[in-house]
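The values are calculated or read from the model by the stated rules, or taken from the named source; none is laboratory data. As the structure is a computational prediction, the values presented were derived from the model and not from experiment. Cβ coordinates were reconstructed from backbone atoms using ideal geometry, including for glycine residues, and neighbour counts include every protein chain displayed.
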Amino acid sequence: MPSPQKAKVFYGYWIIGAAFLCVFILSGSGFAAFSLFVRPLQADLGWGRGGIMIAFTIFMLVQSVLGPFVGRVVDRYGVKRVIGIGALVTGLGFVLVSLTNNLWHFYLSYTGYLGITPSQITLEF
């Protein structure tokens, strides 16, 4: 008599689980963690809390508008290529953000450079 085979978990469920984990980590570290940097930015650079949070608001608006275009870029050039280039650009973007001294430089580097570049494709996966 043959032994009963153990049922395997459908591969798609593993993909859903991995995607859920990525979104869970991103929500906590990518979005909620920005508020942890507001007080140090206020203390070190003398900026107002509202001015700092406007940069985050603009960043999120730029991300939401560019979402459909990011999908087209991924479809056209492939995930591996776009994420590789995006990771490099994100690193350079954070270097620019670290060199800001004026609030408008922060707006330009954070919302303009990091918001518009294909680097945020890494956050969408």
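A few notes on this one:
- Scanning region 65-76 for residues that are loosely packed, with under 13 Cβ neighbours inside 10 Å and closer than 20 Å to residue 97 by Cβ gives no hits.
- Test: residue in region 79-99 that is more than 18 Å from the chain's Cα centre (by Cα) and not in a helix (DSSP H, G or I): yes
- Residue satisfying all of: in region 11-48; of a type in the set (Phe, Trp, Tyr) and either under 26 Å from residue 63 (Cβ atoms) or modelled with pLDDT under 85 (or both); farthest from the chain's Cα centre (by Cα) among these: 47
- When region 44-59 is filtered for residues that are exposed (fewer than 13 other Cβ atoms within 10 Å of the Cβ) and either among the small types (Gly, Ala, Ser) or in contact with a His (Cβ under 8 Å, 6 or more places away or on another chain) (or both), the ones remaining, listed by number, are 46, 48, 50.
- Checked against the criterion of being in contact (Cβ under 8 Å) with a residue 12 or more places away in the chain, surrounded by 11 or more Cβ atoms within 10 Å (Cβ to Cβ) and over 16 Å from residue 106 (Cα atoms), the candidates 38, 79, 62 yield just one match: 79.
- Which numbered condition residue 13 fails, given (1) closer than 30 Å to residue 102 by Cβ; (2) exposed (fewer than 10 other Cβ atoms within 10 Å of the Cβ): (1)
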